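Written out below as structure tokens is the structure these notes cover.
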Amino acid sequence: MLLPKKEVAGCALVKIMASSSYSNSPCAACKFLRRKCMPDCIFAPYFPPEEPQKFANVHKIFGASNVSKLLNEVQPHQREDAVNSLAYEAEARIKDPVYGCVGAISVLQRQVIRLQKELDATNADLIRYTCNEMPTQDGRRIGEGGGASSLAHSPGYYYPSPWNNDPLADGYHRGDNNM
């Protein structure tokens, strides 16, 4: 529930999300714990009544008493981040009881490594194809005309492709007959 914007002594008050002190509805924590939500409830700003599962998950993993102690020890400007972290870890721990969010981080790290290898391979292919298409000073392309400087036909560097004029794809036969 949102309160309307009001003007007070020339200052505009931003719409404030209603907590237990602004409405009759108890916060999700007090509702879950079946207790009366007091105006100074530590949970009210972070566990609104519209998100009961958020507190249920945090309570299941960490316990209401531990969360209350933690919120009282954390500075007020850091509490929202702390609650968001607890909620994320609790949800991850419920999905994966053994590894929790560490499991999700590991999966993402492996995915980054795999994608980095794929990107490196693609960049290597791009460089290789670009080098095969670049003309040299005498107008020939790298890989044309044979010789010791031919990258396309050096052992370990040959990759059959439509750009190197090798109809048999064996590294030695080219369509230009310049051997």
- Somewhere in segment 37-47, is a residue under 24 Å from residue 104 (Cβ atoms) and β-branched (Val, Ile, Thr)? no
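Filter segment 28-59 for residues that are open to solvent by 70 Å² or more (accessible area, probe 1.4 Å), under 30 Å from the mean Cα position of the chain (by Cα) and among the charged types (D, E, K, R) and give the result.
Listed by number, the residues that qualify are 50, 51.
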- Task: Give me a count of the residues in segment 35-93 that are without any contact (Cβ under 8 Å) to a residue 24 or more places away in the chain and of a type in the set (Ser, Thr, Tyr).
- Result: 3
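The values are calculated or read from the model by the stated rules, or taken from the named source; none is laboratory data. Small disclaimer: the values here were computed from a predicted structure and weren't measured. Positions of Cβ are backbone-derived with ideal geometry, glycine not excepted, and every protein chain shown enters the neighbour counts. Ligands, DNA and RNA are excluded from the accessible area calculation, which covers all protein heavy atoms including side chains. Shrake-Rupley method; radii C 1.70, N 1.55, O 1.52, S 1.80 Å.
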